[in-house]
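For reference, the structure is listed below as structure tokens.
The values are calculated or read from the model by the stated rules, or taken from the named source; none is laboratory data. Quick caveat: nothing in here was measured; it's all calculated off a predicted structure. Don't worry about glycine lacking a Cβ; one is built from the backbone with ideal geometry, like all the others, and counts go over all protein chains shown. For accessibility, only protein heavy atoms count, side chains too; no ligands or nucleic acids. Shrake-Rupley method; radii C 1.70, N 1.55, O 1.52, S 1.80 Å.
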Amino acid sequence: MYSPPIPLYYTIKEDIIEQIDNEEYRPGEAIASEKVLMEKYGVSRTTVRRAIELLVNDGYLYIVRGKGTFVKGKKYAQSVTRFSSCTEMLREMHIEPFVEVLKSEVCAPMQSIRNKLGLAEGERVFHLERLNCVEDIPINYTRTFLPYKYLAGIEEYDFSVLSLYEIMRDVYGIEIGEADRTVEAVLPPKGVAEILQVTQETPVLKFNAVVYGQRQDSRLRIEAYKTYFRTDRIKFIINSKQ
């Protein structure tokens with residue numbers, strides 16, 4: 001099936017979003033000038049302005065005339081009191097997924113992950129990437145980071161068959177409590193689109209979260225994750241009580 005080429009302004013837009021997500025640009029900080037962006041991407045001023053216009057419309061940036069273009073704070077935030085893993089969410093929809101572990105390692109995190117988890121320089125994380133499939137069709141892809149100081153040895157477990165949160169509870173004594181989450185509809189980055197087996201023009205739902213756990217009397221920032229759901233395979237129902 002023919003897929004039209006990705007517009008250059010969209011590539012620039014997604015690259016800037018990735019830099020904001022990785023905290024290379026902080027809220028209130030000015031992004032590179034139009035001239036610098038033109039030189040960096042080898043495009044015209046019109047293309048750069050179109051990318052910035054979309055980022056302003058989507059709530060990522062704001063313009064101060066005569067001063068520059070600046071990063072807004074995060075667009076949406078929701079405190080979630082009842083929280084479950086992506087696998088549990090699928091099971092609540094009566095879907096039994098097949099879980100493929102794409103990456104499992106102990107490593108040094110990027111600065112944005114250290115900030116989210118409140119880690120000091122030199123502290124390591126357990127990095128886990130998983131793909132949930134149903135009948136050989138990818139449903140969602142998750143990239144998660146956990147402070148290794150609370151979970152030494154967790155890399156020895158096989159999370160294609162075991163529940164991450166159950167291991168955290170039963171082995172490490174950490175009960176998952178709540179999470180601060182954002183959710184938005186986006187077009188997937190190239191790598192995510194390939195993993196989910198969709199085109200880059202297919203909208204997906206992206207969740208970002210910082211998860212809190214409880215161990216004895218201590219409240220811990222225990223997980224930072226990003227997950228992408230295929231919208232052509234999953235729908236979410238929101239129950240509201242008055």
Next on the checklist: For region 11-65, take the convex hull of the Cα atoms, compute a quarter of its surface area, and give me that in nm², please.
Outcome noted: 3.6 nm²
Checklist entry - What spacing in nm lies between the two simple spin-label points modelled at residue 218 and residue 45, each 7 Å away from Cα in the Cβ direction? => result 5.6 nm
Checklist entry - At a 1.4 Å probe, what is the % contribution of carbon and sulfur to the accessible area of region 103-242? => result 46 percent
Next on the checklist: Need the C-alpha centroid separation for region 150-171 versus region 178-217, integer Å.
Outcome noted: 21 Å
Item to check | Under the Karplus curve 6.51 cos²θ - 1.76 cosθ + 1.60, θ = phi - 60°, whole-Hz ³J(HN,Hα) for region 101-111, x wherever Gly or Pro sits | outcome: 7, 8, 7, 8, 7, 9, 8, 7, x, 5, 4
Checklist outcome for this item: Links exceeding 28 Å between C-alpha atoms in this model, out of 40/103; 13/149; 72/103; 72/206, come to 40/103; 13/149; 72/103
Item to check | Label-point gap, in nm, between residue 100 and residue 8 - each point 7 angstrom along Cα→Cβ | outcome: 3.5 nm
Checklist entry - Can you give the Kirkwood hydrodynamic radius for region 97-242, in Å, rounded to one decimal and based on Cα pairs? => result 16.3 Å
